[in-house]
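Shown next, in structure tokens, is the structure this report addresses.
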Amino acid sequence: MNKLKIGWWFMALVGILLGFQGCENDTGDLPLDEIEIDFRTNRLDLDMLEAARQYQSNPQADSSVIFDQFFKDDQDFLVDWFFYGNDTIGTDSALTVIMSDFLTDSNALDLLEEVATTFPASNEAWSEEIEKVFKRIHYYLPNHPIPVVVTFADGYPRSIQQGLEQFVVTPKYLGVGLHYLMGADYQYYPPDLPRYLSRRFNLEHLPAQVAHKYADLYIPEPRIETNPVLIDRIVQQGLQMHFVDLVMGPSVPDSVKLFYTTAQIDWANTYEARAYKDIVPVLYDVNSDLMRRYIDDSPFTSQLNRKSAPRLGQYLGWKIIQTYVAKYPDEPFNELIQRTDYRQIFQQAGYRPG
């Protein structure tokens, strides 16, 4: 009888372990090969290159003919991109003017050719990395649609203050500006572009940039009627990082997920407890300038010192959420990321580093 009991428990244990292996592979990651999504890409930048070549060979070419030849099938994306989905003003003629103005510029052809050389049609490494992100998003949020990924390249602003159009996020599309993945030292970036931004303009950081875009989309802002304080913003940022962490997978270093250097992630891990101790007195402060110092993108956290890790509020928020998830592992992910009671999440987490 005892042998039968031992045998039954052994078989049950094997079944449980096999069940876990069905959900994750040996590295603790999701079984991405088993996750099926309708993932599609469109190399609009290559069509732009061919159109620019036609303009160069024939400066008198009919722009409407070139538009119909190369861009008519992309009209929905172009309307979303340039006119926020308003097709009453995003007409063929309006889109034709926008595209021809850029493609006849003397520098457009050079830029498009450099992008095509860096990301040839035969190299799909960039799309494979994005697909992995959307497979994980689909696993955790199966009811959210998978966008069509459209690549483009449209030049640079003269100043970073005019805005960097790296991504176009719409309900149907994710536009990816490949001209912002040309490496940290690419010569045509805006001259005032900070190094802490340009160092992430590469293929290694592309999945993290996509993940952050969708974290911004899915994690709600603190409710205005609650008069948000610093801890609301910190926990919101922490939920965004929790989202990024899951859809990036366990093999990606935390430094990449946070856009940190190795020295910065080491600093944050070393001084986590001291940094939290410094921030505790102002957790319920409504000072918007203070919030920006802890949350906004920057080379370091100006509230502390020039050697500190940047966006320390985001880092500490992630640690708070990690503590919360460890304490309440049964709370579904799709429910957690819809919550806006950020102060309650913080209190329930009981985060006490060190």
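The values are calculated or read from the model by the stated rules, or taken from the named source; none is laboratory data. Nothing here was measured: the structure is a model prediction, and the numbers come from that model. We place every Cβ from the backbone using ideal geometry, glycine too, and count neighbours over all the protein chains shown. To get the accessible areas, we keep the full protein, side chains included, count just its heavy atoms, and leave off ligands, DNA and RNA. Shrake-Rupley method; radii C 1.70, N 1.55, O 1.52, S 1.80 Å.
Enumerate the helices (runs of 4 or more DSSP H) found wholly within the stretch 228-284, keeping only those where 1 or more residues are within 17 Å of Y324 (Cα to Cα).
230-248, 272-279
For the stretch 333-351, which residues satisfy the criterion of being more than 26 Å from K277 (Cβ to Cβ) and either open to solvent by 50 Å² or more (accessible area, probe 1.4 Å) or polar (S, T, N, Q) (or both)?
Across the stretch 333-351, the qualifying residues are N334, E335, Q338, T340.
Identify, from the list P299, P281, the residue that is under 19 Å from R200 (Cβ atoms) and either out of contact with any Cys (no Cβ under 6 Å at 6 or more places or on another chain) or not small (G, A, S) (or both).
Answer to the selection: P299.
Can you name the number of the only condition in (1) loosely packed, with under 14 Cβ neighbours inside 10 Å; (2) of a type in the set (V, I, T); (3) under 26 Å from K132 (Cβ atoms) that V280 fails?
In the conditions (1) loosely packed, with under 14 Cβ neighbours inside 10 Å; (2) of a type in the set (V, I, T); (3) under 26 Å from K132 (Cβ atoms), V280 misses (3) alone.
Right, P145: free of Cβ contacts under 8 Å to residues at least 12 places away in the same chain, surrounded by fewer than 19 Cβ atoms within 10 Å (Cβ to Cβ) and under 27 Å from L32 (Cα atoms) or not?
No: the conditions fail for P145.
Hey, L193 hits all of (1) of a type outside the set (S, T, N, Q); (2) more than 23 Å from K257 (Cα to Cα); (3) free of Cβ contacts under 8 Å to residues at least 60 places away in the same chain but one; which does it fall short on?
(2)
Can you name every residue in the stretch 149-177 that is among the hydrophobic types (A, V, I, L, M, F, W, C) and in a loop (DSSP other than H, G, I, E, B)?
Those that are among the hydrophobic types (A, V, I, L, M, F, W, C) and in a loop (DSSP other than H, G, I, E, B): A153, L164.
What do you reckon, is A326 modelled with pLDDT of 95 or more, open to solvent by 40 Å² or more (accessible area, probe 1.4 Å) and among the aliphatic types (A, V, I, L, M)?
Yes, satisfied.
Determine if the stretch 29-44 includes at least one residue that is hydrophobic (A, V, I, L, M, F, W, C), open to solvent by 50 Å² or more (accessible area, probe 1.4 Å) and at pLDDT 95 or above.
Among the residues of the stretch 29-44, not one is hydrophobic (A, V, I, L, M, F, W, C), open to solvent by 50 Å² or more (accessible area, probe 1.4 Å) and at pLDDT 95 or above, which makes the answer no.
Across the stretch 197-225, what is the total count of residues that are out of contact with any Lys or Arg (no Cβ under 8 Å at 6 or more places or on another chain) and not in a loop (DSSP other than H, G, I, E, B)?
The qualifying residues number 13.
Is it fair to say G354 is open to solvent by 70 Å² or more (accessible area, probe 1.4 Å), small (G, A, S) and either at positive phi or modelled with pLDDT under 95 (or both)?
Taking the combined requirement at face value, the residue satisfies it.
Please go through the stretch 73-131 and give me each residue that is farther than 12 Å from A153 by Cβ, assigned to a helix (DSSP H, G or I), in contact (Cβ under 8 Å) with a residue 60 or more places away in the chain and open to solvent by 40 Å² or more (accessible area, probe 1.4 Å), ordered by number.
D76, E129, E131
Specify the residue that is least open to solvent (accessible area, probe 1.4 Å); the eligible residues are those in the stretch 178-196 that are of a type in the set (F, W, Y) and in a helix (DSSP H, G or I).
Going through the qualifying residues, I end up with Y180.
Could you check L32 against (1) more than 24 Å from I137 (Cβ to Cβ); (2) touching a residue at least 60 places away in the same chain (Cβ under 8 Å) and say which number it fails?
(1)
Check K307 against each of (1) touching a residue at least 40 places away in the same chain (Cβ under 8 Å); (2) under 30 Å from G28 (Cβ atoms); (3) open to solvent by 20 Å² or more (accessible area, probe 1.4 Å) and name the one condition it does not meet.
(2)
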